[in-house]
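Peer 1: The following block contains the structure, expressed as structure tokens.
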Amino acid sequence: MNMQALAPRLYAPLLAAQLAVLAIEPPQVLSLSYAVVLATLGFTLLLSLRRVRLSLPHNRPLWSLLLAALLSQAAAFVLLFVDSLVNPQGTLVALDPTLYFCLSSLLLTLAATYDPVRPAYRWMGWVDTALAIFIAVMFYGLVRALVAGAEAQPDNARAIMWLFDAMALFVAVFATLRLLGARRRDERRFFVVLTAFAWIELFAPAAHNRFVLASESYLPELLLNLPFVLTGLLLSRRRGDWLRGYRPSTRVRHLAGSISPFVLSLALCLLAFGYLHRAPALAAGAVVAGIASYALRAALMLGRHLSSEDELKRLHHGLRRAALRDDLTQLLNRRGFYRALDREWQRARQARTPLAVAMLDIDHFKAFNDTYGHLAGDQCLASVAQALAGEAISMAGVTLARAGGEEFVVLMSGYTPHAAGAALERLRARVEALRVLHVRGVRGFVTVSAGIASSELARYEHAEAMLSAADAALYAAKHAGRNQVVWAKVPGTEAMS
């Protein structure tokens with residue numbers, strides 16, 4: 001059955017029937033009007049139950065709370081209907097539906113506070129639930145006190161009317177805040193329905209109450225049916241996707257999320273003023289509860305925010321480290337090395353200290369891979385890197401990096417040419433001492449060749465020029481027989497070796 005097409009066909013006759021009853025004004029006009037309201041509400045309840053069945057599992061509690069609020073409204077109108085049978089003038093002689101209207105407001109507030117997808121904040125949901133219950137209990141107590149004194153003080157009727165208006169406004173504002181912060185389509189679908197119901201529940205009963213006080217006509221009773229008709233029409237849409245183009249910004253989501261608990265605490269504190277003369281202790285307790293709950297939430301959220309910030313800093317540091325490190329050798333990668341080279345180059349120029357850079361290359365590494373396989377090649381690279389790092393750890397100012405493939409690069413800050421050459425020779429000898437088998441190598445095991453350049457032996461205009469000179473010296477070492485250190489050529493002099 002197509003409910004979207006059926007709903008207008010049922011609601012239109014019901015509204016027409018109620019309008020005819022109110023216009024004709026038969027003897028049981030209120031009873032007949034409430035009967036039509038109950039029929040309308042009954043169909044809306046069926047649509048709400050259908051929506052609960054069709055909703056996603058994590059959204060089912062939201063739709064169930066709306067269904068429960070409508071059931072509470074139905075109970076209130078049943079009491080109004082029964083009371084109108086006892087007293088056709090409808091002065092609530094027999095029964096009082098106030099409790100069920102308050103319960104409906106409580107359930108709507110709980111629906112606005114419930115968040116089904118953030119288990120990390122589930123304890124906040126319980127705090128909000130406790131505050132909502134406290135607000136509903138205090139609201140009902142204040143209304144009952146005003147109802148009890150309504151005959152002695154006629155102005156109490158207007159006070160009750162304004163009190164219900166304030167409660168309806170509170171629910172409508174709360175629902176709107178949640179709608180503004182809704183990101184998911186299914187979540188937005190619910191809060192559109194809830195917000196629409198809350199706002200029409202504010203204006204329609206408010207207008208009804210004022211028309212009743214100002215005139216003797218029964219036509220304002222039609223306003224009581226409008227919230228259920230509008231809600232039913234929205235519920236009848238199987239795949240309603242309202243505000244399709246709306247996507248809340250991060251600022252709006254944060255604002256909506258931060259204001260929601262403030263609204264609850266503020267409502268509780270405002271209700272406390274109604275008890276200042278009746279129950280001062282209760283009023284003071286409500287104010288303390290409102291302020292303490294907000295302060296507790298703020299303190300715990302601040303702690304969670306600081307913890308998350310620390311975790312983000314650790315993750316950021318880890319990502320930066322991973323971006324500058326080679327996965328296989330755990331040495332700096334090319335990007336990390338260039339950062340270190342630029343930093344040390346600037347420092348050496350400012351402090352006028354020597355700087356040396358060397359390029360190392362594993363001899364006949366392609367032949368090693370062809371003979372033993374790429375897995376063994378990776379193990380060889382890791383072993384060589386570990387040996388170089390183990391030797392360099394005792395050398396202050398030495399930075400090691402993997403330049404790519406089987407090439408490594410060494411940066412030596414503050415080293416004179418003689419000291420830099422000695423340090424590089426120690427690194428070469430350390431690799432040779434590993435005795436990693438390499439049948440097609442220079443000596444039957446893995447060795448490295450190296451080229452080195454120093455800022456004290458030549459005037460290099462920039463760090464890349466010195467690195468290029470070291471790279472050229474590396475190729476000279478390979479052509480000279482490998483497993484040796486060769487100095488970069490200096491214009492006008494013979495190459496050092």
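Peer 1: Between Leu300 and Arg184, what length comes free when the chain is fully extended (0.36 nm per residue of separation minus the Cα-Cα distance, one decimal in nm)?
Peer 2: Taking Leu300 through Arg184 to full extension adds about 39.1 nm, to one decimal.
Peer 1: Counting each DSSP H run of 4 or more residues in the chain as -39500 (n - 2.57), what helix-only mean residue ellipticity at 222 nm follows after dividing by all residues, to the nearest 500 deg cm²/dmol?
Peer 2: After summing the helix terms and dividing by the residues of the chain, the value is -23500 deg cm²/dmol.
Peer 1: Please figure out what share of the DSSP beta bridges in the chain is antiparallel and state it in percent, rounded to the nearest 5.
Peer 2: Given both bridge residues lie in the chain, the antiparallel proportion sits at roughly 85 percent.
Peer 1: List every residue whose amide H lies under 5 Å from the amide H of Arg325, counting only residues 5 or more places away in sequence or on a different chain, with H placed 1.01 Å from N in the peptide plane.
Peer 2: Residues meeting the criterion, in which the H sits 1.01 Å from N, are Asn333.
Peer 1: With a/c under 1.5 counting as rounded, go ahead and sort the stretch 189-342 into rounded, prolate or oblate using the C-alpha gyration tensor (a ≥ b ≥ c being the square roots of the eigenvalues; past the cut-off, prolate if a/b is larger than b/c, else oblate).
Peer 2: oblate
Peer 1: List every residue whose amide H lies under 5 Å from the amide H of Tyr415, counting only residues 5 or more places away in sequence or on a different chain, with H placed 1.01 Å from N in the peptide plane.
Peer 2: Ala356
Peer 1: Moving on. What list of ³J(HN,Hα) couplings, whole Hz, do you get for the stretch 41-48 from phi and the Karplus terms 6.51, -1.76, 1.60, once you set θ to phi - 60° and write x for glycine and proline?
Peer 2: Result, ordered by residue: 5, x, 5, 4, 5, 4, 5, 5 Hz.
Peer 1: What is the extension gain from Leu219 to Ile393, computed as 0.36 nm multiplied by their sequence separation minus the C-alpha to C-alpha distance, in nm to one decimal?
Peer 2: Extra length available between Leu219 and Ile393 comes to 53.4 nm.
Peer 1: Additional query: For the residue pair Arg440 and Ile24, what label-to-label distance in nm results when each label sits 7 Å from Cα along the Cα-to-beta-carbon direction?
Peer 2: 10.5 nm
Peer 1: Would you be so kind as to identify which of Leu70, Leu235, Leu474 lies farthest towards the positive end of the dipole of the chain, taking Lys and Arg as +1 and Asp and Glu as -1 on Cβ and the Cα centre as origin?
Peer 2: Looking along the dipole axis, the top candidate is Leu474.
Peer 1: If you put +1 on each Lys and Arg Cβ and -1 on each Asp and Glu Cβ, how big is the dipole of the stretch 334-487 around its Cα centre, in Debye rounded to 20?
Peer 2: For the stretch 334-487, the charge dipole is close to 180 debye.
Peer 1: For the stretch 382-487, max minus min Cα coordinate along each principal axis, in Å, sorted largest first?
Peer 2: Here the spans come out as 42, 31, 25 Å, largest first.
Peer 1: Subtracting the Cα-Cα distance from 0.36 nm times the residue separation, let me have the gained length for Arg251 to Ala323 in nm, one decimal.
Peer 2: Full extension from Arg251 to Ala323 adds 22.9 nm.
Peer 1: Using only Cα atoms, figure out Rg for the stretch 1-75 and give it as a multiple of 2.2 N^0.38 Å.
Peer 2: It is 1.32.
Peer 1: Residue by residue through the stretch 253-259, what is 3J(HN,Hα) from phi via Karplus (6.51 cos²θ - 1.76 cosθ + 1.60, θ = phi - 60°)? Round to whole Hz and write x for glycine and proline.
Peer 2: 4, 5, 5, 5, x, 7, 6
Peer 1: I want to check the label-to-label distance for Ser308 and His462. Put each point 7 Å from Cα in the C-beta direction and report it in nm to one decimal.
Peer 2: In this crude label model, Ser308 to His462 measures out at 4.3 nm.
Peer 1: Give me the dipole magnitude in Debye, nearest 20, for the chain about the Cα centre, with unit charges on the beta carbon: positive for Lys and Arg, negative for Asp and Glu.
Peer 2: Around 980 debye, computed over the chain.
Peer 1: Right, another one. Once you compute Rg and the Kirkwood Rh from C-alpha atoms, what is the Rg to Rh ratio for the chain?
Peer 2: 1.36
Peer 1: For the pair Gln4 and Leu270, how long in nm is the line joining their label points, each one 7 Å along Cα→Cβ?
Peer 2: 3.8 nm
Peer 1: Would you please give the FRET efficiency between Arg237 and Arg343, computed as 1/(1 + (r/R0)^6) with r the Cβ-Cβ distance and R0 = 56 Å, to the nearest 0.05?
Peer 2: That pair, Arg237 with Arg343, gives E of 0.35.
Laboratory data are not the source of any read-out in this text; all were calculated from the coordinates shown. In this text the structure is predicted, and so the values were computed from the model without any measurement. Here Cβ is always computed from backbone atoms with ideal geometry, including for glycine, and neighbour counts include all displayed protein chains.
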